[in-house]
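**Q** One structure is given below, represented as structure tokens, and several questions about it will come after.
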Ligand code: B12
Ligand code: SF4
């Protein structure tokens, strides 16, 4: 069988590329050993041989990659190869996906996968499987790194590239822009310690090479939706990660970083950066996203500063919304990012991804302007803008995003934050990418080019 991770046309080239797509990692790990598996990940430049014979091809989908997933599926089906489509996007758009597949899988694969394999073998593959019709997935399948390495033929990496892993799945919060509450969220699950440790050891063995730098450690990206749910469990996991002698980055909610002891333990365990969804520096906006009980706008500065002192970079994630943010708010956000030397800031334009509460609300009110999934990379305005001309709004957003990577901000970031080299390299990559995006947006919309030299 072949598993494919597609890359949509606007799936950013500068995004960090952890060694493999987690969905594919899980599917490989839960497939019985006697099956032969190949992996194609387009984000690594793997090319597809459509004429090769497979019993079936399984394709994963996030919204940004959905159209490409359908293209690949259509090509295989033209040649008579059976296609199974699954993943987040398909789970929330089964009718649309049905046109492109022999079989659609909605929800988590763990408890329905054996049934699908049996049905394929018996030539009785059904058109639709839904996780809701199977027992809930209460345990997380450990990743089989050796098998993933064999199937993906990915080379070993040094400490500058990340190896994906996760400890938990789900998050009990209900932020309106996030898919998690309607997908994995309600059931919060955690790996058992022994299994986790064994996976880290296996991952090190098959994926890490020391490039000769003394003390170089493998870098793991923890792909948990939100590792910060239970403090006691987090501390236990951190003790274990410390024993593994690795470096890692993690997604955490802000309220967890208000505690000094947690921050100290994160650093000691090897955490070099935590991605935090601050979303907004205005409390009223946080309330509108149903995130006011997780984040406090007035504590953001303190959290960043405390983490910096402890040796932890906080990657700040912010959302911009034409209904809730004015041009002045955007200018204030850039000043805030500059003043607080925010590490590798990510600013996204609000995007109601299918599966979110926000999507349902916008859809009901006919406020979605564009459902070209290729544009769902959070850099395009796909919702109707009542207060602003949509092109001006998106232009302003792209300008301020680029401005947050001004030379002045980059220099201060490198001077003030832990891990100066990571700050420098990531900032240069973002700056280049954002400049290209801004240039092409201005060109495509016949806008006067921004004075990048003087203003930025
Ligand atoms: C870790 C993560 C990342 C990592 C990815 C690491 C990696 N190697 O995969 C990084 C940082 C790179 C990343 C980037 C982005 N991300 Co992200 N990310 C996540 C996060 C927190 C966890 C994803 C994960 O690992 N899940 C675990 C895997 C196992 O789950 P899964 O993919 O759903 O797979 C299961 C099922 O869907 C199913 N399944 C999946 N595929 C298939 C295929 C078949 C054939 C079958 C049978 C079953 C099946 O079975 C799997 C096992 O149960 C999610 C949150 C979430 N709830 O998913 C957001 C999330 C996926 N990300 C999101 C977004 C928007 C992005 C970006 C676009 C952000 C940006 N602006 O750049 C980029 C897109 C890059 C890309 N091409 O995906 C959105 C996607 C929304 C959507 N509808 O597509 C999510 C849901 C967060 C949100 N806002 O709600 N992300
Ligand atoms: S805290 Fe994070 S993972 Fe949890 S629902 Fe909110 S945005 Fe999603």
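The values are calculated or read from the model by the stated rules, or taken from the named source; none is laboratory data. Given the structure is predicted, the values throughout are model-derived calculations rather than measurements. As a convention, Cβ positions derive from the backbone with ideal geometry for all residues, glycine included, and neighbour counts pool all protein chains shown.
**Q** Say we look at segment 264-287 and pick out the residues that are closer than 18 Å to residue 317 by Cβ, touching a residue at least 40 places away in the same chain (Cβ under 8 Å) and more than 16 Å from ligand 1 (Cβ to nearest atom); which of these is surrounded by the most Cβ atoms within 10 Å (Cβ to Cβ)?
**A** 266
**Q** In segment 431-452, how many residues are within 18 Å of residue 335 (Cα to Cα) and either surrounded by fewer than 18 Cβ atoms within 10 Å (Cβ to Cβ) or touching a strand residue (DSSP E or B) at 6+ places or on another chain (Cβ under 9 Å) (or both)?
**A** Selection size over segment 431-452: 1.
**Q** Moving to a separate point now. Could you run through segment 200-234 and say how many residues are exposed (fewer than 15 other Cβ atoms within 10 Å of the Cβ) and more than 16 Å from ligand 2 (Cβ to nearest atom)?
**A** Matching residues across segment 200-234 total 10.
Conditions (1) farther than 24 Å from residue 199 by Cα; (2) outside the structural domain of residue 210 (by TED's automatic domain parsing); (3) under 23 Å from the mean Cα position of the chain (by Cα), marked per residue:
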{"site": "230", "(1), (2), (3)": "no, no, yes"}
{"site": "240", "(1), (2), (3)": "no, no, no"}
{"site": "247", "(1), (2), (3)": "no, no, yes"}
{"site": "261", "(1), (2), (3)": "yes, no, no"}
{"site": "272", "(1), (2), (3)": "no, no, yes"}
{"site": "276", "(1), (2), (3)": "yes, no, yes"}
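**Q** Looking only at segment 113-128, how many residues end up being within 23 Å of residue 170 (Cβ to Cβ) and in contact with a helix residue (DSSP H, G or I) (Cβ under 6 Å, 6 or more places away or on another chain)?
**A** 1
**Q** Quick check: is even one residue across segment 6-27 surrounded by fewer than 16 Cβ atoms within 10 Å (Cβ to Cβ), away from ligand 2 (no atom under 16 Å from the Cβ) and on the phi > 0 side of the Ramachandran plot?
**A** No, segment 6-27 has no match at all.
**Q** Please work out which residue is surrounded by the fewest Cβ atoms within 10 Å (Cβ to Cβ), limiting yourself to segment 249-259 and to residues that are farther than 30 Å from residue 198 by Cβ and away from ligand 1 (no atom under 16 Å from the Cβ).
**A** Ranking the candidates gives 258 first.
**Q** What number of residues in segment 170-192 are within 12 Å of residue 359 (Cβ to Cβ) and touching a strand residue (DSSP E or B) at 6+ places or on another chain (Cβ under 9 Å)?
**A** Residues in segment 170-192 being within 12 Å of residue 359 (Cβ to Cβ) and touching a strand residue (DSSP E or B) at 6+ places or on another chain (Cβ under 9 Å): 2 in total.
**Q** Report whether or not residue 95 is under 23 Å from the mean Cα position of the chain (by Cα) and assigned to a helix (DSSP H, G or I).
**A** Here the answer is no, as residue 95 does not meet what is asked.
**Q** Report the residue count in segment 175-199 for those that are within 16 Å of ligand 1 (Cβ to nearest atom) and either part of a helix (DSSP H, G or I) or surrounded by 16 or more Cβ atoms within 10 Å (Cβ to Cβ) (or both).
**A** 17
**Q** Next question. Is at least one residue of segment 108-117 buried (at least 19 other Cβ atoms within 10 Å of the Cβ) and part of a strand (DSSP E or B)?
**A** no
**Q** From (1) surrounded by fewer than 21 Cβ atoms within 10 Å (Cβ to Cβ); (2) away from ligand 2 (no atom under 16 Å from the Cβ); (3) closer than 18 Å to residue 8 by Cβ, pick out the condition that doesn't hold for residue 376.
**A** Checking residue 376 against (1) surrounded by fewer than 21 Cβ atoms within 10 Å (Cβ to Cβ); (2) away from ligand 2 (no atom under 16 Å from the Cβ); (3) closer than 18 Å to residue 8 by Cβ, the one that fails is (1).
**Q** Something else: Can we say residue 382 is at pLDDT below 95 and touching a strand residue (DSSP E or B) at 6+ places or on another chain (Cβ under 9 Å)?
**A** In short, no.
**Q** What's the number of the only condition in (1) without any contact (Cβ under 8 Å) to a residue 60 or more places away in the chain; (2) surrounded by fewer than 19 Cβ atoms within 10 Å (Cβ to Cβ); (3) more than 30 Å from residue 273 (Cβ to Cβ) that residue 35 fails to meet?
**A** Result: residue 35 passes all but (1).
**Q** Exactly one of (1) without any contact (Cβ under 8 Å) to a residue 40 or more places away in the chain; (2) away from ligand 1 (no atom under 12 Å from the Cβ); (3) out of contact with any helix residue (DSSP H, G or I) (no Cβ under 6 Å at 6 or more places or on another chain); (4) not in a loop (DSSP other than H, G, I, E, B) is unmet by residue 212. Its number?
**A** Among (1) without any contact (Cβ under 8 Å) to a residue 40 or more places away in the chain; (2) away from ligand 1 (no atom under 12 Å from the Cβ); (3) out of contact with any helix residue (DSSP H, G or I) (no Cβ under 6 Å at 6 or more places or on another chain); (4) not in a loop (DSSP other than H, G, I, E, B), residue 212 violates only (4).
**Q** On to the next question. Could you go through segment 65-79 and let me know if any residue there is within 16 Å of ligand 2 (Cβ to nearest atom) and either within 19 Å of the chain's Cα centre (by Cα) or surrounded by 15 or more Cβ atoms within 10 Å (Cβ to Cβ) (or both).
**A** No: segment 65-79 contains no residue that is within 16 Å of ligand 2 (Cβ to nearest atom) and either within 19 Å of the chain's Cα centre (by Cα) or surrounded by 15 or more Cβ atoms within 10 Å (Cβ to Cβ) (or both).
**Q** Further, regarding this structure: Quick check on this structure: which one of 160, 138 is within 13 Å of ligand 1 (Cβ to nearest atom) and not assigned by TED's automatic domain parsing to the domain that holds residue 378?
**A** Criteria check complete, one pass: 138.
**Q** Does at least one position in segment 134-146 carry a residue that is modelled with pLDDT of 95 or more, outside any loop (DSSP other than H, G, I, E, B) and closer than 28 Å to residue 219 by Cα?
**A** The answer is yes; a qualifying residue exists.
**Q** Could you tell me which numbered condition residue 185 fails, if it satisfies all but one of (1) in contact with a helix residue (DSSP H, G or I) (Cβ under 7 Å, 6 or more places away or on another chain); (2) within 16 Å of ligand 2 (Cβ to nearest atom)?
**A** (1)
The rows are residues; the columns are (1) in contact (Cβ under 8 Å) with a residue 12 or more places away in the chain; (2) more than 30 Å from residue 270 (Cα to Cα); (3) part of a helix (DSSP H, G or I).
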| residue | (1), (2), (3) |
| --- | --- |
| 348 | yes, no, no |
| 355 | yes, yes, no |
| 360 | no, yes, yes |
| 387 | yes, yes, no |
| 392 | no, yes, yes |
| 402 | yes, yes, yes |
| 422 | yes, no, yes |
